[in-house]
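Single-structure report; data block below.
Read-outs: derived from the displayed coordinates by stated rules, not from any lab. From a predicted model like this one, the values you see are computed outputs, not experimental measurements. Here the Cβ positions follow ideal geometry from the backbone for every residue, glycine too, while neighbour counts run over all protein chains shown.
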């Protein structure tokens, strides 16, 4: 406690003893425990986030229990759990879920297959740089614009993809977006076009982390390139692919812009995934109470997905972040 | 890669395989680039040229695509008659405003979350990430009612606030991962040398600045490309580019030339931004799970 004695002794005495005295008053922030300082940094963002997410969430619960009246002067009617019980008898609601899973399964299976294939081919090749630049372009496009672009390409009188499919003899007539099966394929193709590059980029990042020693050891043991891919590279890629799948699935029901533009859920509800149905209920028919109940079920799925994602992020054994220092 | 150093003998099977691989790459390349090319070309065609197609099965007629006299009419029309200048400004204000607010508050919170340990931190982080993951439509239902009663529908501040619902949690989450990678030892050293905590924070700023900049750009991108919030909450006074593009669809005839031109206007700036932050793009789009 030598410092303290110098601090507490009168300055004249220090001068007399020949000790040079540094007058130091700790800065106000250093004086307090670090947690207060950090708390003040954290607070503004948390308060703002609570205001724009927790508060609406409370409103959502309120709305789901009421029949919401948008006309001024009218007050909302208490509905109890009617909005929820009605969902059980709502065929469009059930079909919305089924279509959502069908749509996501189609998108994901094609995207993962194509993305991994492209990434494996491109890895360490001369074309890698060029393709990565090209990959960026569809991803940066607003989903609305992508929707319009594909609508144009599918058009039954002047669309180039329509012409291509007809010339190949695959499409029997009619239009692409007017036929139930083809409409789903068309919507999926748009998503695949936009987001396969992301899967490829994620896989490329994953391939760079595959331990070379394992590949070499495997090759010394006589494995060919195909065997090498399936028994060494692929197991190392799993965490990356898992993240890709979760994120893409999440985005499949977060963004419905393309579907809304291209088909609006039609024809005959063939592409009406649940969020599209929710959009119709809330902002076409303005049945906001029922919409809130549907939104609530969607949020439950979100929470489940969130749990899965945080599990991955926190798993200490996962190989993604290990060499992640930038 | 080790496999390159192994001598490979040419065999018919192997060369057939490499031909297949090259063919696949070419098809994938065309599949990715063709729609973009068609969009760009169509935006310079007048309506008659845009609707020209070869006969079905007439593969030689593909050249029709390039048989046109370029015209800039669609672009001129968009900016003079359709007020796209205004919408572009709206888009820019809304997305940039939200990005700056989100990244500013987000980086402060992220730093705190990265350095502090407290009870309930995991729950807080989970809340943050699930806010970001919530479906836009589901968020919009209550937000619309709240904004309606407070007069925020159809205004730019309303739109900025709406975009912040997904940009702020994104910024907090991803910047936390960023600060986690900066060793605390740097700040400790600065504190030992007599800095106060603000100055210590300033010491690590140069290390995180590129990332912070990149994530501002990414937040701008998310806001710029948004359609749902803009169409419901921004409708009327705060029309953005995607909404204005969608409004070019009229019952009588869809003005494809103008739509493609509007698409080019909306897309090209974002592509350049994407190239600019290329190093951080995958990290950003995967919520920080994958780093290159």
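Fewest neighbouring Cβ atoms within 10 Å first, the residues B:184, A:161 line up as B:184, A:161.
Pairwise Cα separations in chain A fall into 10 Å bins from 0 onward with the following percentages, short to long: 5, 17, 22, 20, 15, 9, 6, 5, 2, 1, 0.
Per-residue ellipticity at 222 nm, computed for chain A from helices alone with -39500 (n - 2.57) per DSSP H run of at least four residues, works out to -21500 deg cm²/dmol. Hull volume per residue, based on the alpha-carbon atoms of segment A:142-196 and their convex hull, is 76 Å³. Mean silhouette area of chain B, derived from the convex hull of its C-alpha atoms and averaged over all directions, reads 24.8 nm². Peptide B:84-94 is shielded by partner chain Cβ atoms: per residue, an average of 0 of them sit within 10 Å of its Cβ.
Relative to the longest principal axis of chain B, what angle (0 to 90°, nearest 10) does the C-alpha long axis of helix B:84-115 take? That helix lies at roughly 30 degrees to the long axis. Averaged over peptide B:60-66, the number of partner chain Cβ atoms lying within 10 Å of each residue's Cβ comes to 1.
For segment B:215-256, the equivalent ellipsoid derived from the Cα gyration tensor has semi-axes of 24, 12, 7 Å, listed largest first. Each principal axis of the Cα cloud of segment B:2-71 was taken in turn, and the coordinate range along them, longest first, works out to 57, 27, 14 Å. In degrees from 0 to 90, rounded to the nearest 10, what is the angle of the helix A:91-122 Cα long axis to the longest principal axis of chain A? Around 70 degrees separate the two axes. Across all Cα pairs in segment B:82-166, the calculated P(r) in 10 Å bins from zero up to the longest distance comes to 15, 36, 33, 13, 2, 0 percent per bin. Stretching the chain fully between residue B:203 and residue B:77 yields a gain of 40.3 nm (0.36 nm per residue, less the alpha carbon separation).
Shown here are the Rg and Dmax of the Cα trace of segment A:72-195, at 20.6, 68 Å.
When only alpha carbons of segment B:152-292 are considered, Rg and Dmax amount to 19.9, 73 Å. Across segment B:133-219, the convex hull enclosing all Cα atoms gives 120 Å³ per residue.
From least to most packed, judged by other beta carbons within 10 angstrom and beginning with the fewest, A:66, B:74, B:83 follow the order B:83, A:66, B:74.
From least to most packed, judged by other beta carbons within 10 angstrom and beginning with the fewest, A:43, A:215 follow the order A:43, A:215.
In segment B:119-171, the ratio of gyration radius to Kirkwood radius, Rg to Rh, stands at 1.06 when only Cα atoms are counted.
In plain terms, if you count all Cα to Cα distances in segment B:1-145 and split them into 10 Å steps from zero, the share in each step is 8, 15, 18, 18, 22, 16, 4 percent. Taking the longest Cα principal axis of chain A as reference, the axis of helix A:180-207 is set at about 30 degrees.
The ratio of the alpha-carbon radius of gyration of the protein assembly as shown to the globular-protein estimate 2.2 N^0.38 Å is 1.10.
Other protein chain C-beta atoms within 10 Å of residue C-beta, averaged over B:99-108: 3. Work the Kirkwood hydrodynamic radius out for segment A:177-306: mean of 1/r over every pair of different alpha-carbon atoms, inverted, in Å. For segment A:177-306, the Kirkwood estimate is 17.6 Å.
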